[in-house]
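Following this message is one structure expressed as structure tokens.
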Amino acid sequence: MHLTHPTNRPAPQRLHRVVVTGAAGFIGSHLSRALLEAGTTVIGIDRRDPQRDPVAAANLTELTAFPNFVPLTADLMTCPLEPVLLDADAVFHLAALPGVRPSWGPRFDAYVAANIQSVQRIMVVASRLGIRRVVLASSSSVYGATDGSPSRETDHPGPLSPYAVTKLAAEQLCLAHTARTDAATSVIALRYFTVYGPRQRPDMLIHRVLSAALRQAPLHLYGNGLQQRDFTYVDDVVRATIAASLTPAANTVINVGAGCSTPNSDVLDIAHRLTGHPVPVVPAGARAGDVPATLADITQARDLLGWKPEVSLIDGIEQQLRHLKESA
Ligand code: NAD
């Protein structure tokens, strides 16, 4: 891992124009909003068409009110990228096929295309155009099974699902580009730990738990409830992501997590307390690729990004619940 590099030109004080891939997604829409509020022009590219996809439409609603938002419905695998990336101060590459469990299925090729080949396309064009910084959304899943102690960026990765393998490959691909002697673009890859908050993807645990509690519908709980996750609030993730585009550090990976781990059973208790309803749990057995615990060592994020998480799990789940009720 290199912390300094000739490609690491002085960081701009502020971002004038950026590209966010996956802008119609959960994290991409929050990131875009924060950038737009700071006055940055955001080219938000996503293949989900809000005319046809209600989740994408809901995620994009508040962005389209900003005059500095330029939405683009296009697939990164096929659209011409040069005109999109031209003059960008940074590219935030969040577009991917997320989710551990479905990555075992017949869509492996689609995972490879969205999570690895798109990175290659972005890096080639970013380098050609001399874009200063690409920030890549990577994942805690690259660590695989741990003994429950905090994962450090220097730990040997051990991805346990096709999804996790694609995220590790994406990191390594970016870093390979930065190691070229003629590299023009520097990279920070952020290993996000289980992100939650308003508009969280419907397949993710906290969304499923809150929906089940509100509707009194059965929650199929994978594992035994003792599985632990480092849950990270989306606003905290957004602050770290923007900091990664501005930091003079370069060509490295950085954990973005809350730095504490919570059993799924505690999430059920919090949901019960906040909604006033118990969550009707149906045990569903463990799923391949789901690791028992995740926990981030966040020393690098503190030292290189000047970042620390600010939102507690209970406050964050309360925000997510409020949003879920408002949008019901
Ligand atoms: P999301 O599915 O809500 O958003 C991803 C978006 O990328 C989608 O809107 C999708 O349409 C778009 N996309 C995918 N392939 C594309 C392509 N070829 N062209 C254009 N658009 C494309 O997912 P999310 O939860 O917001 O995750 C964002 C990123 O963060 C992903 O890279 C994911 O792997 C990573 N990540 C998320 C979490 C989490 O807890 N949500 C944890 C670790 C890493």
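Could you look at region 88-154 and say what percent of its accessible area is carbon and sulfur, using a 1.4 Å probe and all protein chains?
For region 88-154, the apolar C and S fraction of the accessible surface comes to 55 percent.
Now for a different question. Which of 298, 321, 260 sits closest to the plus end of the dipole of region 255-328, meaning its Cα is farthest towards the positive end, when Lys and Arg get +1 and Asp and Glu get -1 on the C-beta?
321
With r as the distance between the Cβ atoms of residue 203 and residue 82 and R0 = 30 Å, compute the FRET efficiency 1/(1 + (r/R0)^6) and round to 0.05. Write down the numbers at each step before the final one.
Numbers: r = 34 Å, r/R0 = 1.13.
Between residue 82 and residue 203 the formula returns 0.30.
Now a separate question. How much accessible area per residue does the chain have, in Å², with a 1.4 Å probe?
Solvent-accessible surface per residue comes out at 43 Å².
How large is the charge dipole for region 69-206, taken about the Cα centre, if only the Cβ atoms of Lys, Arg (+1) and Asp, Glu (-1) carry charge, to the nearest 20 debye? The partial results should precede the final answer.
Values: 12 positive and 11 negative charges, 27 e Å.
With Lys and Arg at +1 and Asp and Glu at -1, about 120 debye.
What are the DSSP H helices in the chain that stretch 18 Å or more along their long axis, judged by alpha-carbon atoms, and whose average Kyte-Doolittle hydropathy comes to at least 1.0?
234-246
Go through 301-309, 289-297 and give me the packing order, highest mean Cβ count within 10 Å leading. Write out the running numbers ahead of the final one.
Values: 301-309: 17.9, 289-297: 20.3.
Peptide ranking by packing, descending: 289-297, 301-309.
Would you pull out the residues with amide H under 5 Å of residue 187's amide H, same chain only if 5 or more places away, H placed 1.01 Å from N?
Amide H neighbours of residue 187: 134, 251, 252.
Once Lys and Arg get +1 and Asp and Glu get -1 on their Cβ, which of 289, 44, 102 lies farthest toward the positive end of the dipole of the chain?
44
Over region 203-315, what percent of the accessible surface lies on carbon and sulfur atoms, probe 1.4 Å?
55
Let me ask you something else. Could you work out what % of the accessible surface of region 11-83 is carbon and sulfur, using a 1.4 angstrom probe and leaving DNA, RNA and ligands out of the count?
55
Also: How large is the dipole of region 187-328 about the Cα centre if only Lys and Arg carry +1 and Asp and Glu carry -1, each at its Cβ, rounded to the nearest 20 debye?
320
Considering the options 250, 67, 307, tell which one lies farthest towards the positive end of the dipole of the chain, charges being +1 on Lys and Arg and -1 on Asp and Glu at the Cβ, about the Cα centre.
Working it through, the farthest residue towards the positive pole turns out to be 67.
Hey, another quick one. When the dipole is taken about the Cα centre of the chain, and only Lys, Arg (+1) and Asp, Glu (-1) are charged at their Cβ, what size is it in debye, to the nearest 20?
Dipole size: approximately 340 debye.
Also: Among the DSSP beta bridges whose two residues both lie in the chain, what percent are antiparallel, rounded to the nearest 5?
5
The values are calculated or read from the model by the stated rules, or taken from the named source; none is laboratory data. From a predicted model like this one, the values you see are computed outputs, not experimental measurements. Counting neighbours? That spans all protein chains shown, and the Cβs are built from the backbone with ideal geometry, glycine included. Remember, those area values only see protein heavy atoms, side chains included, never the ligands or the DNA or RNA. Shrake-Rupley method; radii C 1.70, N 1.55, O 1.52, S 1.80 Å.
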